[in-house]
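Novice: Questions regarding the structure given below will be posed in turn.
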Amino acid sequence: MEMYIENLPSYRLAYVRQVGPYGPANAQAMNTLKQWADKKHLLNESATLLGIPQDDPATTLPQKCRYDACIVITETGHLEDEFVEIGELLGGDYLICKVKHTAKDIQQAWHAIIPHLHTSGYVMDNKPVIERYRWELLHQHYCEICVPVRPV
């Protein structure tokens, strides 16, 4: 499993927010975003999609958990409409973990990420974890778990 530190830039985002328990509804939010992005001609080889769970289900009631299905954008003028919101994600250092996009592999990755952080001189920063889907990885059924970090 590949793990490395990357400094992510700040991103402008178009996103669809799903509120409720994490699970199948997150995939529906991502499908809604993809359909919108395809109509706007944004879904191409340079597209980066992000899945951002905004809340920790261990401390937030399931019905209040927020999940943002996002696409990185460079302009906003003609993109705003009733289907998406526009926002920004602040950049910074992230531990990147490339993993097969299956529930089993993602769960195994989390079992490796936390111990890796303890031995790498980093701790989790107070920002959301990001699931990053880049075009070249999507077709190989991989995604990247991006964990915000800061030096100890």
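The numbers here are math on the coordinates, done by the rules we state, and not lab data. Since this is a predicted model, take the numbers as computed values, not measurements. When we count neighbours, we look across all protein chains shown, and the Cβ atoms used for this are built from the backbone with ideal geometry, even at glycine.
Novice: Between segment 96-152 and segment 8-43, what is the separation of their alpha carbon centroids in Å?
Specialist: When both Cα centres are located, 19 Å separates them.
Novice: In degrees between 0 and 90, to the nearest 10, how far off the longest principal axis of the chain does helix 103-120 point, with axes built from Cα atoms?
Specialist: Tilt of helix 103-120: around 50 degrees.
Novice: Would you mind working out the magnitude of the charge dipole of the chain relative to its Cα centre, with +1 at each Lys and Arg C-beta and -1 at each Asp and Glu C-beta, to the nearest 20 Debye?
Specialist: 300
Novice: Taking amide H atoms as placed 1.01 Å from N in the peptide plane, list the residues 5 or more away in sequence, or in a different chain, whose amide H sits under 5 Å from that of residue 5.
Specialist: Here 96 satisfy the definition.
Novice: Also, quick follow-up: Over the chain, how many pairs of lysines fall under 24 Å by alpha carbon, counting only those 8 or more apart in sequence or from different chains? All intermediate terms of the calculation are to be shown ahead of the outcome.
Specialist: Numbers: 34/64; 34/98; 34/100; 64/127; 98/127; 100/127.
Final tally of qualifying lysine pairs is 6.
Novice: Using just the Cα positions, wrap segment 3-151 in a convex hull and report its mean projected area in square nanometres, one decimal place.
Specialist: It is 8.9 nm².
Novice: Taking the 0 to 90 degree range and rounding to the nearest ten, how far is the long axis of helix 24-39 tilted relative to the main principal axis of the chain, both from C-alpha atoms?
Specialist: 50
Novice: Below 8 Å, C-alpha to C-alpha, sequence gap of six or more: please give me the relative contact order for the chain in percent.
Specialist: Reported as a whole number, the value is 32 percent.
Novice: Picking from 122, 37, 50, whose Cα lies most toward the positive end of the charge dipole for segment 33-152 (charges on Cβ: Lys, Arg +1; Asp, Glu -1)?
Specialist: 122
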